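Have a look at the structure below before the remarks.
The values are calculated or read from the model by the stated rules, or taken from the named source; none is laboratory data. On a predicted model such as this, the values are computed, not experimentally measured, just so you know. Cβ atoms come from the backbone with ideal geometry, glycine included; neighbour counts cover every protein chain shown.
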Amino acid sequence: MKNVSARARLFILAGLTGLLLLVLLPLLLPSPSVNENKATWVWEAKLIRSQAEEIVSFSMNEGITTIFLQIQQEVRDEDYRRFNALAHRAGIEVHALDGHPEWAYSQGLDEGMKLLSWLERFHTASRPEERFDGIQFDVEPYVRERWEQEQQQVVAEWSINMSAWAREASRQGLYISAAVPFWLDRIPGPSGSGSFSRWIISRMDAIAVMAYRDDGELMYELSRQELEQADELGKQVWIGMELGNTDEGDHLTFYSKSEQAMEEEAQRAATLGSGHPSFAGLAVHHYQAWMDRRMSMAEEER
């Protein structure tokens, strides 16, 4: 009888040990790392003339690893070269940025090609550390009336242009990305090629999804299909977040949200996004709004 009791106690002890291990194992194993890389858009490129050091310093403090910098004729090539070199010394990539709604139309093809031609000339005349790391197209034809009237035709023309830009970028060895709205996964691609978002991802190296909401989980959910498509295609996806003031609704931006709320939601989106190998990080729109927010916080603390 004593032997039976001893055996029973052994089984009970083993069972409790196994149960304890099941409880403790998730705590003992290292948690999946969160990709905390951030990107931002700098639309006022003239700022790099007088504020290059400030922009780079701000980027380092905020964990920004990529800057999408608009190309503007009034900014000298030398200013771009100096800024790129400064950013590169800080470990920050700089991607040339431009676009216009009409660039999606057939007559807009040449505008994108002009930008790419300028980049090729710029790089030929620049040292390696002064060159751009890539190019991003921000083309938004859906803000024009023609999108509502001839969506299928606009998609057809837009896709032809993007294909040509992607081929030229590839010829130059340029990393190419596109800023896109989250709902393009509901738009049919050209010639029955599945969703338009998947079509774009397959042609680009990366996309930045404008998943502008004031909720981190919703930002992720709005980007999830693109992340899954990019996982499969071996591409990258930035999840976009908005900091600027907008009259389209408070739910689209963190403009009026507290710093704690913004940081918590950003961390939530990054944590969820990090479950995908395609997740590149959070892309914050935009630098000036971000800087203004930080300056307002500094003034309030005085």
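Among the conditions (1) crowded, with 18+ Cβ neighbours inside 10 Å; (2) within 14 Å of the chain's Cα centre (by Cα), residue 63 misses just one, which is (1). Can we say residue 268 is assigned by TED's automatic domain parsing to the domain that holds residue 183 and modelled with pLDDT under 95? Here the answer is no, as residue 268 does not meet what is asked.
Considering only residues in the range 104-155 that are small (Gly, Ala, Ser) and buried (at least 16 other Cβ atoms within 10 Å of the Cβ), the one that is nearest to residue 39 (Cα to Cα) turns out to be 134. If only residues of the range 93-117 that are of a type in the set (A, V, I, L, M, F, W, C) and touching a strand residue (DSSP E or B) at 6+ places or on another chain (Cβ under 6 Å) are counted, the one that is farthest from residue 55 (Cα to Cα) is 115. Restricting the first member to the range 172-194 and to residues that are in the same structural domain as residue 211 (by TED's automatic domain parsing), and the second to residues that are surrounded by fewer than 17 Cβ atoms within 10 Å (Cβ to Cβ) and not in a helix (DSSP H, G or I), the beta-carbon pairs closer than 7 Å and six or more apart or on different chains are 175/133. Look at (1) crowded, with 16+ Cβ neighbours inside 10 Å; (2) over 19 Å from residue 40 (Cα atoms) and you find that residue 99 fails only one, number (2). Selection over the range 265-302 of residues that are surrounded by fewer than 16 Cβ atoms within 10 Å (Cβ to Cβ) and touching a strand residue (DSSP E or B) at 6+ places or on another chain (Cβ under 6 Å) gives a count of 0. Residues of the range 156-185 that are crowded, with 17+ Cβ neighbours inside 10 Å and of a type in the set (A, V, I, L, M): 162, 166, 169, 174, 176, 178, 179, 180, 184. When we screen 157, 150 for residues that are acidic (Asp, Glu) and touching a residue at least 12 places away in the same chain (Cβ under 8 Å), the only hit is 157.
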